[in-house]
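Input: a single structure, listed below in structure tokens.
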Amino acid sequence: MRSVLLVESAERPHDAEVGPAMAFGVFSLLALLAIPLFIFHIWALIDVLRTPASVWEQVGENQILWGVVVLFLSVLGPILYVMIARPKLVAAQTIA
């Protein structure tokens, strides 16, 4: 029983040394991913709102629906907008 206690106490300082460093590394990685995704999300939302309603009607898409999709589907919404609606909108704006 005594040897088990010594092994457990010997492992605890090692775990304490790795914990904060690993937590900082994970936090840094999440920050590196979160900041560009946040900027992409805001850009997509602004793009939806700044595109004139006449262009949305011309391509047959719903501006309010795409705004809600971008706003509430955090990462997937802006990706869907860029892949589905935005090419149609850009094509319609270059023609007009």
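See the values below:
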read-out: When residues of the range 1-50 are limited to those that are at pLDDT below 85 and either among the charged types (D, E, K, R) or within 26 Å of residue 63 (Cα to Cα) (or both), the one surrounded by the fewest Cβ atoms within 10 Å (Cβ to Cβ); value: 2
read-out: Residue pairs meeting the criteria (Cβ under 9 Å; at least 6 apart or on separate chains; first touching a residue at least 12 places away in the same chain (Cβ under 8 Å) and farther than 12 Å from residue 93 by Cα, in the range 47-66; second of a type in the set (S, T, N, Q) and part of a helix (DSSP H, G or I)); value: 48/63; 49/63
read-out: Complete set of residues in the range 44-96 that are assigned to a loop (DSSP other than H, G, I, E, B) and touching a Ser or Thr at 6+ places or on another chain (Cβ under 7 Å); value: none
read-out: Residues being at pLDDT 95 or above and surrounded by 15 or more Cβ atoms within 10 Å (Cβ to Cβ) - total across the range 80-96; value: 7
read-out: Filter result for residue 74 (farther than 23 Å from residue 92 by Cα and of a type in the set (S, T, N, Q)); value: yes
read-out: Pairs, first closer than 22 Å to residue 35 by Cβ in the range 72-92, second among the small types (Gly, Ala, Ser) and surrounded by 15 or more Cβ atoms within 10 Å (Cβ to Cβ), C-beta under 8 Å, six or more apart; value: 77/44; 78/44; 81/44; 82/44
read-out: Residue pairs meeting the criteria (Cβ under 8 Å; at least 6 apart or on separate chains; first part of a helix (DSSP H, G or I), in the range 8-37; second at pLDDT 75 or above and among the acidic types (Asp, Glu)); value: none
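The values are calculated or read from the model by the stated rules, or taken from the named source; none is laboratory data. Everything numeric here is computed off the predicted structure, so don't read it as measured data. Because the Cβ atoms are built from the backbone with ideal geometry, glycine has one as well, and the counts that use them run over all protein chains shown.
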